[in-house]
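The values are calculated or read from the model by the stated rules, or taken from the named source; none is laboratory data. What you see is a predicted model, and the numbers here were worked out from it, not measured in a lab. Cβ: placed from backbone, ideal geometry, glycine included. Neighbour counts: every protein chain shown. SASA here: full protein model, heavy atoms, side chains in, ligands and nucleic acids out. Shrake-Rupley method; radii C 1.70, N 1.55, O 1.52, S 1.80 Å.
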Amino acid sequence: GEDVEQSLFLSVREGDSSVINCTYTDSSSTYLYWYKQEPGAGLQLLTYIFSNMDMKQDQRLTVLLNKKDKHLSLRIADTQTGDSAIYFCAESITGTASKLTFGTGTRLQVTL
Amino acid sequence: EAGVTQFPSHSVIEKGQTVTLRCDPISGHDNLYWYRRVMGKEIKFLLHFVKESKQDESGMPNNRFLAERTGGTYSTLKVQPAELEDSGVYFCASSQGQNYNEQFFGPGTRLTVL
């Protein structure tokens with residue numbers, strides 16, 4: 001079955017690194033995603049990783065995938081106040097225009 | 001290029017009333033999805049259109065929900081009659097083509113049923 005779990009809240013100081021974690025249960029997941037939602041806005045795709053990869057880096061973002069443990073993480077380096085948002089982990093099974101299964105979202109609060 | 005738009009942004013109705021939500025996908029996107037987030041829980045898939053056809057409606061909660069996409073452009077999601085548990089944020093997303101492509105999300109419609 002499909003189940004994606006995340007912790008609900010994370011608070012970090014500006015300039016520190018943030019690590020948001022996610023676990024999923026479906027071993028047939030093809031793509032795993034991180035979305036960001038700012039207040040009043042829709043979901044913005046930050047990055048995604050194909051299930052045969054274990055790491056992907058894009059500027060300040062690093063995604064790590066441990067397929068054995070079904071664990072996905074998003075690391076944000078040098079966290080800024082503009083990074084304050086809700087971060088959703090999501091998976092898709094076939095990846096070909098298929099539906100996304102989301103976690104509950106992690107609210108990231110960046111303090112000065 | 002305009003993004004995915006949704007109307008209205010907010011809707012407050014009483015239990016038993018009818019509400020229709022509208023989604024305009026990005027022009028040229030064949031795939032259109034509806035999702036819903038209820039009271040701080042996870043965002044749940046409702047259904048997926050490919051052009052005007054329903055590709056997957058496995059997430060539709062019950063027959064009070066009716067989605068249409070006549071002409072394969074914009075889509076409507078009607079809730080009739082609305083119940084208290086239907087309150088939440090309804091998101092629409094669109095993507096292009098049959099192969100993997102990013103789903104672009106609209107800002108959502110916040111529905112409150114009193």
Could you tell me whether any residue of the stretch B:63-80 is within 21 Å of A:V4 (Cα to Cα) and either within 9 Å of chain A (Cβ to nearest Cβ) or touching a helix residue (DSSP H, G or I) at 6+ places or on another chain (Cβ under 6 Å) (or both)? no
Qualifying positions in the stretch B:10-25 - over 16 Å from B:Y74 (Cβ atoms) and open to solvent by 30 Å² or more (accessible area, probe 1.4 Å): B:H10, B:V12, B:E14, B:K15, B:G16, B:Q17, B:T18
Filter the stretch B:29-76 down to the residues that are outside any loop (DSSP other than H, G, I, E, B) and polar (S, T, N, Q) and list them by number. B:N31, B:S53, B:Q55, B:T70, B:S75, B:T76
Out of the residues in the stretch A:26-47 meeting the condition of being of a type in the set (A, V, I, L, M) and at the interface with chain B (Cβ under 7 Å from one of its Cβ atoms), tell me which one is least open to solvent (accessible area, probe 1.4 Å). A:L43
For residues that are open to solvent by 30 Å² or more (accessible area, probe 1.4 Å) and in contact with an Asp or Glu (Cβ under 9 Å, 6 or more places away or on another chain), scanning just the stretch B:81-114, find the one that is farthest from the other protein chains (Cβ to nearest Cβ). B:L114
Selection from the stretch A:40-68 of residues outside any strand (DSSP E or B) and in contact (Cβ under 8 Å) with a residue 12 or more places away in the chain yields A:S51, A:M53, A:D54, A:R60, A:K67
